[in-house]
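Below: one structure, written as structure tokens.
The values are calculated or read from the model by the stated rules, or taken from the named source; none is laboratory data. Please read all numbers here as calculations on a predicted model, not as lab measurements. Every residue, glycine as well, gets a Cβ built from its backbone with ideal geometry; the counts of neighbours run over all protein chains shown.
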Amino acid sequence: MSTVTPGPRTYLGWRSIARLGLAQIAIGAVAAIMTSTLNRVMVVELALPATVPSVLVALHFAIQMSRARFGFDSDRSGRRAPWILGGALVLAVGGLLAAVAVAVAATALWWGMALAFVAYALIGVGMSASGTALLAHVAEEIEPRRLGGAAALLWIMMIFGIAVTAGVSGQLLDPFSFDRLIAVTAVVCLIASILASVAAWGSWRIARPALVEPAVPEQSGFRTALADALADKATRRFALFVFAAMLAYSAQDLILEPFAGRVFGLTPGESTKLGGTQHGGVMLGMLGAALLSARVGSLRSWAAGGCLASALTLIALARSPVIGGPAFLQATVFALGVANGVFAVGAIGSMMAMTAADQTRGTGIRLGVYGAAQAIAYGVGSLGGGVASDLTIAAFGDPVRGYTAVFAGEAVLFIIAAAMAIASTPAMRSSVLRRADAGEAILGAMR
């Protein structure tokens, strides 16, 4: 009897990872419309309380608490590409429906809000299915030593999608009209669908049943797999850090553009471009930190340093109405983005290193736990930021003082997150993100 020896394992190259990253660009593009443009239009043009868009965004994050479940189910299916593409298409439909809902709300508020709830729920489902399957696919098909570099590249591509969409759509939205809003959103969602199709098509035939079995027996089911992941102390502690840091980050995300409109008098297009400025800073911060962390410090120190820098820039943002005008605001927002990017590289690198170090406990399910912690934090932060701004503005009777109080509170949250990163996150040297991998991730994407 002859014995068939399996050939060497074939891993994803950087070109393939960059192709898969097109789905991340698609996710970022729709996210930019949802969190920047539609948020601003509801608060300023429709004169709705900031709590309204905050509740809608919190809904889409609440849906994303199911990320662990999506990852577990796609594990059992053995094929990731259908989940990547299907989720992206649902996301695009939800994004377009959200723009239509806002336009409907201008003349029929309750009908518009009902439609918006459906739209934002679809956005949450699409992001959960597509994003979770994408990360799981990369984790399965890439060499373990390249996990950190791949995570940084994919995240940068998502930020790129957010930044470009925010900047370009900001130009196209002026002069503002609801018809123009729907048209711009439709184009963005169409492009997002095309990008996701290209990303998924190259991986459509990949199916590795032997590699996608759950870390626990199949009959044990999702609950047992989740309980096993949560039983690990390091996983729990890191999930708490992710929650604290993302709570601070998300709390400022939805009130920044209304702050720019109400305090500095920026137009919808100008405030949308401000969001693009912030995300451009995030991308630059991630790129710089990914390269420098291979030479200096640990991933833990970069995560903590990014949190502290974010706190300082939020304090400057709180003082911006009395320190300077729109130019100072733009510079401060860019600096905030850079600080957020530095924090993200440290946090993502630590997360990937932790999961790659012990794959026997189930890499996918633990990534799902971190994703759920992030989603909960985003939901609470998005809702809390909007509610806090409404309450403080009502209490002080002045938007400037109200927003100042909220930004100061967010700075305190970032300081707490920095302390948690130092105290709770395992001290892992940045060699996990090897210097060669960091450079190769960037150069490989440009080849």
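Numbers at a glance
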read-out	value
Boolean, residue 229 is assigned to a helix (DSSP H, G or I), under 20 Å from the mean Cα position of the chain (by Cα) and in contact (Cβ under 8 Å) with a residue 24 or more places away in the chain	no
Region 270-302, residues that are touching a Ser or Thr at 6+ places or on another chain (Cβ under 6 Å), buried (at least 23 other Cβ atoms within 10 Å of the Cβ) and either not polar (S, T, N, Q) or not in a helix (DSSP H, G or I) (or both)	275, 293, 299, 300, 302
Any hit, region 62-73, residues being buried (at least 20 other Cβ atoms within 10 Å of the Cβ), free of Cβ contacts under 8 Å to residues at least 24 places away in the same chain and touching a Phe, Trp or Tyr at 6+ places or on another chain (Cβ under 9 Å)	no
Single residue of region 136-146 satisfying the filter (surrounded by fewer than 24 Cβ atoms within 10 Å (Cβ to Cβ) and assigned to a helix (DSSP H, G or I)) that is modelled with the highest pLDDT	138
Among (1) surrounded by fewer than 24 Cβ atoms within 10 Å (Cβ to Cβ); (2) touching a residue at least 40 places away in the same chain (Cβ under 8 Å); (3) assigned to a helix (DSSP H, G or I), the one test that residue 316 misses	(2)
The listed residue being buried (at least 18 other Cβ atoms within 10 Å of the Cβ), in contact with a Ser or Thr (Cβ under 6 Å, 6 or more places away or on another chain) and at pLDDT 90 or above, out of 87, 21	87
Residues located in region 252-281, provided they are modelled with pLDDT of 85 or more and within 14 Å of the chain's Cα centre (by Cα)	278
In region 184-206, residue modelled with the highest pLDDT [restricted to those that are assigned to a helix (DSSP H, G or I) and over 19 Å from residue 123 (Cβ atoms)]	198
Residue match in region 98-115 (condition: touching a residue at least 40 places away in the same chain (Cβ under 8 Å), surrounded by 20 or more Cβ atoms within 10 Å (Cβ to Cβ) and closer than 27 Å to residue 344 by Cα)	no
Those helices (runs of 4 or more DSSP H) lying entirely in region 14-97 with at least 2 residues under 15 Å from the mean Cα position of the chain (by Cα), of a type in the set (Val, Ile, Thr) and farther than 19 Å from residue 385 by Cα	14-32
Filtered residues of region 61-101 (kept if among the polar types (S, T, N, Q), touching a helix residue (DSSP H, G or I) at 6+ places or on another chain (Cβ under 7 Å) and farther than 27 Å from residue 254 by Cβ)	74
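Residues are listed down the side, and each one gets a yes or a no for (1) part of a helix (DSSP H, G or I); (2) surrounded by 22 or more Cβ atoms within 10 Å (Cβ to Cβ); (3) modelled with pLDDT under 80; (4) under 19 Å from the mean Cα position of the chain (by Cα):
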{"residue": "343", "(1), (2), (3), (4)": "yes, yes, no, yes"}
{"residue": "350", "(1), (2), (3), (4)": "yes, yes, yes, yes"}
{"residue": "356", "(1), (2), (3), (4)": "yes, no, yes, no"}
{"residue": "364", "(1), (2), (3), (4)": "yes, yes, yes, yes"}
{"residue": "380", "(1), (2), (3), (4)": "yes, no, no, yes"}
{"residue": "388", "(1), (2), (3), (4)": "yes, yes, no, no"}
{"residue": "394", "(1), (2), (3), (4)": "yes, no, no, no"}
{"residue": "417", "(1), (2), (3), (4)": "yes, yes, no, yes"}
